[in-house]
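**Q** Shown below is the structure under consideration.
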Amino acid sequence: MIQKMNPNRSLIVPYFAPFFAYVSIASIPASYISIEVNYILRIIIVTLLLVWAWRWYIPIRGPQSPLVSIGFGIGAGLLGAFIWIVFLSPFVQLKDNQPWSGSAFILRLLSAGFLVPVFEEILMRGFILRFALQWDDARKKRKNEPLHVAMDDRSINNVAPGAWSWAAVVISTAAFTFGHHLQEWPASIAFGALMAWLWIFRKDLIACIVAHSVTNIALALYVFKTGNWNFW
């Protein structure tokens, strides 16, 4: 029997804090701090928040082999980079194409490749997808105030690895999409759907985190090699 754990309301701050800290720091105008300092602040502060919040997170491992999940993550990540380039291409061709400085590129690579995938996948597929699944389940069972039920009477810690519903996939993918620029929405929808499939297929967050990391690193190497900085 699964033991009931922290209700979802109590998990909101640990799951959302790294994401909102990253976005808030990214929103600081360049006239106040340089892009290099901005990324250094993001890396330090968000990493500290992740360390603090880790005790509340669901396990990133699932019931299947983590090594196999890493392998699937690498393959899905390369596919994700291809998807991102294809879906974003029609919306960036006419934009300015300014290269990043060497130090800014390295800092962004570190952030996008090794930090963003961790807190985004923990939030999007770890919390939001699971929470939406519990809300959808309460709604289907005709519970009074299903959102309240999911928030205060359920815990995402009790959701089985890989569990899903169409509503949960759509909601988590939409949340991921809204976190990106408008021209990135088609690519974000496709990539979010790919990450949801990985969660369902591999039943863990390792595959999702690795895939997200590989996609971001591959995109960084692509723009550096080709000079198509519009894609990053």
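Laboratory data are not the source of any read-out in this text; all were calculated from the coordinates shown. This one's a predicted model, so the numbers in the text were calculated from it and none came from an experiment. For neighbour counting, all protein chains shown are included, and Cβ atoms are generated from backbone atoms with ideal geometry for every residue, glycine included.
**Q** Rounded to the nearest 0.05, what FRET efficiency do SER24 and ARG142 give with R0 = 41 Å and r taken as the Cβ-Cβ distance? Could you check?
**A** 0.55
**Q** Now a separate question. Which of LEU79, LEU129, LEU219 ends up with the largest GNM mean-square fluctuation for the chain, with Cα atoms connected below 10 Å?
**A** Result for the chain, Cα springs under 10 Å: LEU79 fluctuates most.
**Q** Continuing with this model, one more query. Counting other Cβ atoms within 10 Å, keep those with at most 15, restrict to DSSP loop, and tell me which trypsin sites (Lys or Arg not before Pro) in the stretch 25-68 are left.
**A** ARG61
**Q** Using bins 5 angstrom wide from zero, how does P(r) for the stretch 50-136 break down, in % of all Cα pairs?
**A** Whole-percent P(r) values from 0 Å outward: 3, 10, 11, 19, 21, 16, 10, 7, 3, 0.
**Q** Tabulate in residue order the Karplus-calculated ³J(HN,Hα) for the stretch 117-134, using 6.51 cos²θ - 1.76 cosθ + 1.60 with θ = phi - 60°, rounded to whole Hz; enter x for Gly and Pro.
**A** My calculation for the stretch 117-134 gives x, 5, 6, 6, 6, 4, 6, 6, 8, x, 9, 4, 4, 5, 4, 5, 5, 5 Hz in order.
**Q** Out of ILE171, VAL92, GLY102, whose Cα points farthest toward the positive end of the dipole of the stretch 84-204 (charges: +1 Lys, Arg; -1 Asp, Glu; placed on Cβ)?
**A** Ranked along the dipole, the leading option is ILE171.
**Q** Taking 2.2 N^0.38 Å as the expected size of a compact globular protein, what ratio does the Cα radius of gyration of the chain give against it, to two decimals?
**A** Compared with the compact-globule rule of thumb, the chain sits at 1.04.
**Q** How much of the pair distance distribution for the stretch 146-232 lies past 21 Å, counting alpha-carbon pairs only, in percent?
**A** Across the stretch 146-232, Cα pairs with separations above 21 Å total 42 percent.
**Q** Continuing with this model, one more query. List ASP152, ASP136, ASP204 from most exposed to least, where exposure is judged by having the fewest other Cβ atoms within 10 Å.
**A** Neighbour counts put them in this order, fewest first: ASP152, ASP136, ASP204.
**Q** Which of TRP199, ALA138, SER31 sits farthest toward the positive end of the charge dipole of the chain, with +1 on the Cβ of Lys and Arg and -1 on the Cβ of Asp and Glu?
**A** After comparing all options, I get ALA138.
**Q** Note the full-extension length gain between VAL68 and ASP153 as 0.36 nm times their separation in residues minus their Cα-Cα distance, in nm to one decimal.
**A** Going from the current span to full extension adds 27.1 nm.
**Q** Counting Lys and Arg as +1 and Asp and Glu as -1, each charge on the Cβ, what is the dipole of the chain about the Cα centre in debye, to the nearest 20?
**A** 560
**Q** Another one. Distance from the Cα centre of the stretch 170-200 to that of the stretch 97-113, in angstrom?
**A** 23
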